[in-house]
1. Take the eigenvalues of the Cα gyration tensor for region 191-258, scale each by 5, and report the square roots as semi-axes in whole Å, largest first.
2. Have a look at GLY189, SER285, GLY52 and report the one farthest towards the positive end of the charge dipole of the chain, computed about the Cα centre with Cβ charges (Lys/Arg +1, Asp/Glu -1).
3. Give me the percent relative contact order of the chain, please, defined on Cα pairs under 8 angstrom at least 6 residues apart.
4. Pairs LYS45/LYS69; LYS22/LYS43; LYS22/LYS121; LYS156/LYS238: which exceed 26 Å Cα-Cα?
5. With a 10 Å Cβ neighbour count serving as the proxy for reagent exposure, in which order, fewest first, do LEU177, LEU268, LEU71, LEU164 appear?
6. In whole percent, what relative contact order does region 152-213 give with Cα contacts below 8 Å and a gap of six or more residues?
7. Under 15 Å from the Cβ of LYS69, count the other residues' Cβ atoms, weight Lys and Arg +1, Asp and Glu -1, and hand me the total.
8. Of MET32, PHE72, ILE2, which is farthest along the charge dipole of region 2-142 in the positive direction, counting Lys and Arg as +1 and Asp and Glu as -1 at C-beta?
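Coordinate-derived values only; no laboratory data. All values reported here derive from a predicted model rather than from experimental measurement. Please note: Cβ atoms are built from the backbone with ideal geometry, for glycine as well, and neighbour counts cover all protein chains shown.
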Amino acid sequence: MILITGATGHFGRATIDFLLKKNIPANEITAMVRNVAKAEDLKNKGIRIKVGDYDDYSSLLSAFKGIDKLLFISGNDMQNRVKQHENAVKAAKEAGVKHIIYTSFVRKNETETSPIAMLAKAHIETEKNIKASGIPYTIMRNNFYADVLPMFLGEKVLEAGIFLPAGDGKASFATRLDMAEAAANILTGEGHENKEYVIANDTNYSLNEVATFLSEVTGKQITYTNPTTEVYRDTLLKTGVPTDVIGMIAGFSEAVRQGELSTTKSDLGNLLGRKPTTLKEYLKSVYSNK
């Protein structure tokens, strides 16, 4: 039996769809959700539904009983997820889960000096807890979702160009769909126990290249402006963007600038059995008709 946590999110739903395409019977897939109403479509497909919350240990223990393979999708509660993830690992151990596949995050700098230290902390602690549990594991060190780029670029990118303090740094942007397909392949494949995979594109991309790709797929001249972080923050504050959003984007931009999200190796192509979707292909799917 396979269980997917966060099953009503983009990654969880996509993974379930790939499992079904691989002819895994729906009744052998369990979706763990917090809100049953949001899982009606999954239920209609024959997927088993379990209610579970990372803050509620007893609900996790109940959901995980009888599960062989657990796709543990990391939570998005930045303030509390170290404890939430600890709950999930302990519950998996007590429930007798046989294999945990965890969606972690790629990083190089694991100290507090990292511009994405707040994001990395929970992943570092969770990986340690999973390994200490003795449960066979697979760690997916996922890179930056290409799918998040449009939010970072802003709604007016085709008119105003790219305005981000990322310097000439590069990142191995990969699509969420490719990552979800890789997760489904791990869940249904063999030989993945106690492995750590770099889930990233085969190519590292700079924001200058993103601007070039956007220009090519839209027929418009898209520029890339690289302000200082201070200028970036001040500019966005004046336009009314919330400070927490500014901080998040500035932090990721600095991580790109420092090369924190660039990779020299990737396991994604091997897990997919094909080349990952290129960033230009993804941007074309989003922007070609705009």
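1. 29, 21, 10
2. Sorting the options by dipole projection puts first GLY189.
3. Working: 526 pairs, mean separation 51.8, N = 290.
Once divided by the residue count of the chain, the mean separation gives 18 percent.
4. Numbers: LYS45/LYS69 20 Å; LYS22/LYS43 18 Å; LYS22/LYS121 34 Å; LYS156/LYS238 16 Å.
Exceeds cut-off: LYS22/LYS121.
5. If I rank by nearby Cβ atoms, fewest first, I get LEU177, LEU164, LEU268, LEU71.
6. Rounded, it is 51 percent for region 152-213.
7. Numbers: positive: LYS22, ARG48, LYS50, LYS65, LYS93, LYS98, LYS195; negative: GLU28, ASP68, GLU190, GLU193.
Taking every other residue near LYS69 into account, the sum is +3.
8. With unit charges placed on the Cβ atoms, the residue in question is ILE2.
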